[in-house]
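Peer 1: Starting off with a structure, shown below.
Derivation of every value follows stated rules applied to the coordinates shown; laboratory data play no part. These numbers were taken from a predicted model, which means no experiment stands behind them. For neighbour counting, all protein chains shown are included, and Cβ atoms are generated from backbone atoms with ideal geometry for every residue, glycine included.
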Amino acid sequence: MLGIDWRWRLTEAVKPPMVIHIPDMADSAVTILPVFPGVQAAHWQGLLNDSVKGAVLLSYGAGNAPDKDPTLLALLKTATDRGVVIVNVSQCGAGSVAAGAYAAGSALVKAGVISGKDMTYEAAFAKLHFLIGSGMSSEEVKKCF
């Protein structure tokens, strides 16, 4: 004997396990939009094709991207106007996106890009895929972020 005295007692009924339905997710439904020095609309044009329903924008710092290129901003606006949900996340290892805190970030907000706050790009990518695959509208997806 080890000196351990077990006293068994009944507790609340065991809850059934939660069931999560993982929706079918189209391979081309979500894309990544990298921001880098010299990025132009032509770099993203093919990434924002008609089959895309969501995109993760990899911005600088607190959510900044080039704001002096009207063609680039128009491409983002056209995509969001047709229902593509574009989520802005920082390329930085720590910190978060403060949408509209700086002029460059404000231009993205005007183009319809939403903040991913402190999400990693992997988390935003998976969340977009899951929500879009669940059949949610772009407005419903935006609310979930």
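Peer 1: Among residues other than Val39 whose Cβ falls under 15 Å from its Cβ, what is the net charge (Lys/Arg +1, Asp/Glu -1)?
Peer 2: -1
Peer 1: Looking at the chain, do any whole DSSP H helices span at least 15 angstrom along their long axis by alpha carbon and average 1.0 or above on Kyte-Doolittle, and which?
Peer 2: Helix filter hits for the chain: none.
Peer 1: Placing +1 at every Lys and Arg Cβ and -1 at every Asp and Glu Cβ, with all other atoms neutral, what dipole size does the chain have around its Cα centre, in debye to the nearest 20?
Peer 2: 280 debye
Peer 1: For Val52, what is the net charge nearby, where nearby means another residue's Cβ is under 13 Å from its Cβ and Lys, Arg count +1, Asp, Glu -1?
Peer 2: After counting each charged neighbour, the total is 0.
Peer 1: Give me the net charge for the shell around Asp69: Cβ to Cβ below 14 angstrom, other residues only, Lys and Arg +1, Asp and Glu -1.
Peer 2: Value of the local net charge: +2.
Peer 1: Using the 10 angstrom Cβ neighbour count as an exposure proxy, how do Ile86, Ile114 rank, fewest first?
Peer 2: In order of increasing Cβ crowding within 10 Å: Ile114, Ile86.
Peer 1: Among His21, His43, His129, which comes first, second and so on when ranked by fewest other beta-carbon atoms within 10 Å?
Peer 2: His21, His43, His129
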